[in-house]
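Where a number appears in this text, it was derived from the coordinates with a stated rule and is not lab data. Treat the numbers as computed from the prediction; the structure is a model and nothing was measured. Note that each Cβ is placed from the backbone with ideal geometry, even for glycine, and that neighbours are counted across all protein chains shown.
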Amino acid sequence: MTGEALLRVRQLSKSFGGVVALDGVDMAVQSGSVSAVIGPNGAGKTTLFNLVAGVFAPTRGEIHLGDRLLNGLSPEGRVRLGIARTFQDVRLFGDMTALENVMTGRHVQSRCGFFDAAFRLPRSRREEEDIYLQAMRYLNLVGLGSRAQERASSVPFGQQKLLVIARAMATEPKLLMLDEPGAGLNAVEKDALRELIFRIRDLGTTVLLVEHDVNLVMRVAEWIVVLDHGEKIAEGTAREVQRNPKVIEAYLGQEAA
Amino acid sequence: MRRRLLGSLKVWALSALVVAVALVPFVVNPYYTSLLIVIGIHTLLTVGLCLLMGYTGQVSLGHAAFYGTGAFFSAILSASHGVNPWLAMFIAAVATGGMAYLVSFPIFQLRGNYLAMATLGFGIILWVAFRELDQFTGGPSGLSGVPYLSIGGLVFNTDFKYYYLVWIAVLGILFISQNIVNSRTGRAMRSIRSNEDAARSVGIGVSGFKVKVFVLAAVYASLAGSLYVHYLTFVSPQPFGFLFSVRLIVMAVVGGLASIWGAIFGTTAVTFMSESLHRFGELDIILFGFLLMVVMVFLPQGLTRGLMDLYERVRARARGAGR
Amino acid sequence: MGTVVELCLYGVSLGAIYAIIALGFTIIHSVTRIINFAQGEFVMLGGMLAFVLLSSAHLPLAVAFVLAVVMVALIGLMLERLAIRPARNAPVVSLIIITIGASIFIRGIAGKVWGKDPVVIPAFTGEEPVSFLGASLNPQSFWVLGTTLAVMVLLHLFFSYTMLGKALRACASNRKAASLVGINVGTMSLIAFSLSAALGATAGIVVAPITFPSYSVGVMLGLKGFVAAALGGFTSLVLAVVGGLGLGVVESLAAGLISSAYKDAIALAILFVVLLVQVRRFREVGEEE
């Protein structure tokens, strides 16, 4: 493994009332890598994501980005630090165009406020121009440049999933967290997704994904963490994880995604 | 870079509007001039609501309260304390904005429905204050002797002159608001209305925006209140109650919650409807209630947006644009 | 209105009304997630319709009571079917506005039909003040308290022991799961509205001899019922009742000891503060959905 740990999670636990969703998970994501968290249904993968993204607070444990402790920081604050995430259920801004969706991603990289906008000051116009160009760049990165002016809700589902990735990338994150990016995609689309993830990594962004499709994960991730019933049961490279008896047992009876 | 505002239809419509507004006092009978002054002042209120409700998806049921604070601050400062009316207007706006800021911190922690009632309660509290703090406000009978606005030697003491003063302000505020909507800030606002959690996930400070837009709408309302007071040279608590807040919502809804220029249309339409119904007693309340229900059920984007959408759909089909 | 005891007792009977209204809010919200701004108008309609049935149709009290409640329940049903159902997938803002529209629509028509003056409904058992705990009370207050208690008992039985009641609770707890087990969510919504309307009407009728309803009483009553329901998070029936009673007492004490002009505002302001303390709970609930 190369690079130092960008994201470190220590003894992370979360309970909802009486239900323990995550229990004492330790994990490190290397800078510049593509890592994945897998596990059967209910293993706690999305809970882990939500904790790192700041949607709710952990019951126990710490999360570090670089040497910065994230506990207590709001989701917006974490985006500004360089963590971007996508949602399992897409959550586009449906009534805005595809381009506008990506432009919202540029929000944290720009500064002009009410006053500048209200009077159309030159610096506001220059910044708009820049936002437009950068957004188009990210839209093209995912291959949706031709759909820029289309209403986001009219974009076909498979491409909506790419659109949210473009929007998240526009925030220029250090760490991009993808929540089930392959869900609902066909084989061709999954290949395109794989290529996109590699392109993103080559741009210098660290990628962490949660994914059900084990095949997809095996072909894209350098490091895999396996959760089951809220605990980490294994981690390693794709080959190591595939052969780990605990992992096989956890998936026995689960249908291959 | 293409911007929707620069679509040629919009430019034509806008120019036509400005010309029409400029010509009105010369063409119509004085009754309409004074009616249009009131419409102009109400439009300032409606635009603020459109920004708040239509773009950030928040609800304000007590907006009349800010109209009232603008009016009373202006009146009290200029009539009872001899402050220059323009300065008083500025102070009123700052004070109203400050109050909105202090109030919105706690309120915007509440979501959806709770927020609506909180603003309703706030509006009622202020309305009671206007009535009861009679050593300042003149109580239910009001305060008179408010001076006219003037610039140099030009005193705004006739309907004719006041019409232009108001409508220059209105067009200016609409222009500013449209600029805000078309900017990075406007996109952030629209994203909040569309999906708050997704907006947070791209780093937009949702609560901060809600507060800022609430304050902005309050400042617009304060300006409207000041203009109102210097027109009538008199103020009483009567117009600033819940019913007026509802009327503003009707105007915003009819014009289209997410449409800045629709605010003019909504305000005008509702005012004219209300005027013509006056003959039949107070049917306007019934009409408002009915309108609110019908528009929100069938045309949730209001009449102007509904028409604009229709136009764009027709155009897209003509161009054969793919889906 | 003198002693603290009298004020408290009066406050409790006032609060009982707020409690019933709060129950209406809570039932609709937990089943449909909507806040029904027209709830206060159901209360008003109860009182007004009872007046019409008593004075114009000369019906006996019990008949008029039941008939008025049924009529208002039907109005609630119509509201749900005609205005809420068609827009059920709309965002919260739209639904809020629709219920506001309904509330002023109903109020406007009431104003037109019955005029602005308050109506007089005779007290159920006469006007002689009754002595209780050293205070002098209007006998109607006992009717108010008694009715509130009866309502609460009936609701408890309904929700705990009838199929319909359990179905409503299931819907309140988890809509998707409820529909998956075959509960018709649309019908539940309809029933929630009708039931809440009936509750509102009941409150309106039983308190009418004390407060002399007019076409505009709905707003403040609705608002206060709302605050009480909010104290229960719009999900807890018990807390809604406690909230209502508490609000009634606070308001009565404030009006009697400080100033009746500010009575509405004081009660609101105090409850504002309490609401804010609750803010944390509301926020977290929202985020975990």
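A full extension of the chain between A:Asp67 and A:Glu231 corresponds to an added length of 56.6 nm, given 0.36 nm per residue minus the alpha carbon distance.
The charge dipole of region C:2-288, taken about the Cα centre with unit charges on the Cβ atoms of Lys, Arg (+1) and Asp, Glu (-1), comes to about 940 debye, rounded to the nearest 20.
Semi-axes of the equivalent ellipsoid of region B:2-322: what are they in whole Å, largest first, if each equals the square root of 5 times a C-alpha gyration tensor eigenvalue?
With the √(5λ) rule applied to region B:2-322, the semi-axes are 31, 25, 19 Å.
Note on chain A: with a GNM built from Cα contacts shorter than 10 Å, the maximum mean-square fluctuation among A:Glu150, A:Glu235, A:Glu211 falls on A:Glu150. When the convex hull of its Cα atoms is viewed from all sides, region B:170-245 shows a mean projected area of 6.5 nm². Between C:Lys116 and C:Ser173, the C-beta separation translates, for a Förster distance of 41 Å, into a calculated FRET efficiency of about 0.40. Could you tell me what % of all Cα pairs in region C:2-288 have separations over 32 Å? When all Cα pairs of region C:2-288 are counted, 23 percent exceed 32 Å. Charged side chains reduced to their Cβ positions (Lys and Arg at +1, Asp and Glu at -1) give the protein assembly as shown a dipole of some 1960 debye around its Cα centre.
With an a/c value of 1.5 or above and a/b not larger than b/c for the gyration tensor axes a ≥ b ≥ c computed over the alpha-carbon atoms, the protein assembly as shown is described as oblate. Classify region C:1-62 from the C-alpha gyration tensor, please: rounded if a/c falls under 1.5, else prolate or oblate depending on whether a/b exceeds b/c. The shape class here is oblate.
Quick check on region C:190-265: take the gyration tensor over C-alpha atoms, sort the square-rooted eigenvalues as a ≥ b ≥ c, and tell me if it's rounded (a/c under 1.5), prolate or oblate. Because a/c hits 1.5 or more and a/b fails to exceed b/c, region C:190-265 counts as oblate.
Using a cutoff of 8 angstrom between alpha carbon atoms and counting only pairs six or more residues apart, the relative contact order for chain C works out to 40 percent. Between B:Arg317 and B:Leu154, the contour length at 0.36 nm per residue exceeds the alpha carbon distance by 53.3 nm. Shielding value for C:106-113 is 4, the average number of Cβ atoms from other chains within 10 Å of each residue's Cβ. Translational diffusion coefficient of region C:143-222 (Stokes-Einstein, Kirkwood radius from Cα pairs, 10 °C, 1.306 mPa s): 111 µm²/s.
Across chain B, the mean sequence separation of Cα contacts (distance under 8 Å, 6 or more residues apart), normalised by length, yields a relative contact order of 30 percent.
How large is Rg over Rh for region A:29-75, taking Rg from the Cα atoms and Rh as the Kirkwood inverse mean of 1/r across Cα pairs?
So for region A:29-75, dividing Rg by the Kirkwood Rh gives 0.98.
Extension gain for the segment C:Val66 to C:Arg33, taken as residue separation times 0.36 nm less the Cα-Cα distance, is 9.0 nm to one decimal. Between B:Glu132 and B:His81, take the C-beta separation as r, use R0 = 22 Å, and let me know the FRET efficiency to the nearest 0.05. With a Förster radius of 22 Å, E is 0.60. The relative contact order of chain A comes to 26 percent, based on Cα pairs under 8 Å that sit 6 or more residues apart.
For C:Ala57 paired with B:Phe234, estimate the spin-label separation in nm (one decimal), with each label point 7 Å from Cα along the Cα-to-Cβ line. Rounded to a tenth, the inter-label distance reads 4.7 nm.
For the peptide A:75-83, the mean number of other protein chain Cβ atoms found within 10 angstrom of a residue's Cβ is 4.
Our Cα-only numbers for region C:76-200 put the radius of gyration and Dmax at 19.7, 57 Å. Near B:Ile286: Cβ cut-off under 15 Å, other residues only, Lys/Arg at +1 and Asp/Glu at -1. The net charge is +2.
Pop the C-beta distance of C:Leu180 and A:Arg60 into the FRET formula with R0 = 30 Å and round what comes out to the nearest 0.05. It comes out at approximately 0.30.
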